[in-house]
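Just so you know, all these numbers are worked out from the coordinates, no wet-lab data involved. Everything quoted here is computed from the prediction, not taken from an experiment. All Cβ positions, glycine included, derive from the backbone under ideal geometry; neighbour counts span all protein chains shown.
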Amino acid sequence: RAKRPAGAPDKKLARPITKVGVIGAGLMASQFALLFVRRLKVPVVITDLDQARVDKGVAYIHDEIATLQSKNRISADEANRLRVLVTGTTDKSLFSDADWVIEAVFEELGVKQSVFAEIEKFVSPEAILATNTSSLSVEQIGSKLAHPERLVGFHFFNPVAVMPLIEVVNTPQTDEVTLATAMVIAGKLRKNAVITRDTSGFVVNRILAKLLGEAMHAVDTGTPFEVVEAAVAPFGLPMTPFELLELVGLTVGAHVLDTHHAAFPDRFFESDNLHKLAEHGKILERDGKGRRTGFDKGALTIV
Ligand code: 3HC
């Protein structure tokens, strides 16, 4: 296989994709599993630790297909075709003929390393592997692989169906076939792909973690949530920092801040309060219709 290129890869080298494997059936994985069936129109197998998790992911995909149909975005025939293409399984042997296998499991290095070391026993030698990690080193995630050259970062953003960007993370090991395949897939998903270096937080989360970390640090040091939101309002962002933290998931958000703090202690804050809020499950109070009514400070000791 060709070595990693200096610039954009030659897309002619991209592997055709006839089947996709998704490891992890949580919200983000389910969202991009649906995008793969919709845009690549190939079978997608989705797996997780147990059948209950798998079933929940598949149920989410079926619900989203029904929503697309109810909005007349897809016909009834298309909805049926999409449902048939999605298989939930705990049987990893169904991954043996997948050409592209992507994971979105818990954001912890050891977990992701084990997932790839295990899946490599099931997939074909030609399969390309991708990780949706948001801030861990892709190279380290692949360090237990026999063939790290076929691993690439493929980082989606919440909500996957709407956000236009994918960060394609090129490690020093990633070869040109792998990179070209990732870029072609991103195009077929109708996303803008940027190739980034394998550095903590890549590009987007490096910038976003700064905003979210500073917002939480202001709260940690006594500034009320309301004041932080009012201060950020002139930037015209579609969501406030606290809404964004809830969107990405408070546990994920706290992990992202910890990872950045560990990589660059002088530049990023970690926040004990964010961990407390993650345990508590929310920052915002909402009414029965999901409309914001205030902040839920129950979990915090400082404000
Ligand atoms: N899941 C799926 N679809 C969603 C959605 C969700 N959670 N939220 C909104 N949508 C869809 C709606 O269904 C609607 O689709 P439609 O046009 O087909 O009906 C469309 O998005 C627009 O939604 P709305 O009109 O209800 O809402 P808004 O105009 O307020 O937009 C938003 C919602 C797109 C989520 C907007 O608030 C936004 O862009 N927020 C910022 C999101 C962001 O910054 N994401 C990046 C997070 S960082 C990350 O993910 C990295 C990770 O590694 C940590």
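Tabulated data for the structure shown
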quantity	calculated
Most mobile listed residue (293, 259, 181) in the chain, GNM with C-alpha springs under 10 Å	293
Equivalent ellipsoid, the stretch 176-278 (semi-axes from 5 times Cα gyration tensor eigenvalues, Å)	29, 17, 12
Rounded to 10°, Cα long-axis angle of helix 176-188 versus longest principal axis of the chain	70 degrees
Between helix 76-85 and the chain: long-axis angle, C-alpha atoms, 0 to 90°, nearest 10	80 degrees
Residue list for the stretch 140-176, given a label point 7 angstrom along the Cα-to-Cβ vector of residue 12 and an amide N cut-off under 16 Å	176
Cα gyration tensor of the stretch 203-243 - equivalent ellipsoid semi-axes, whole Å, descending	17, 13, 7
Calculated from backbone phi, Karplus (6.51, -1.76, 1.60) coupling profile of the stretch 203-218 in Hz, x at Gly/Pro	10, 5, 5, 4, 6, 5, 5, 5, 4, 5, x, 5, 4, 5, 5, 4
GNM result for the chain, Cα springs below 10 Å: residue of 153, 142, 222 fluctuating most strongly	222
Cross-link pairs 56/191; 19/210; 41/282; 12/56; 41/289 - those with Cα-Cα distance over 32 Å	19/210; 41/282; 12/56; 41/289
In degrees, nearest ten, helix 27-40 long axis to first principal axis of the chain (Cα)	40 degrees
Taking only Cα atoms of the chain, radius of gyration then Dmax in Å	19.8, 57
Fully extended contour minus Cα-Cα distance, from residue 272 to residue 111, at 0.36 nm per residue	55.7 nm
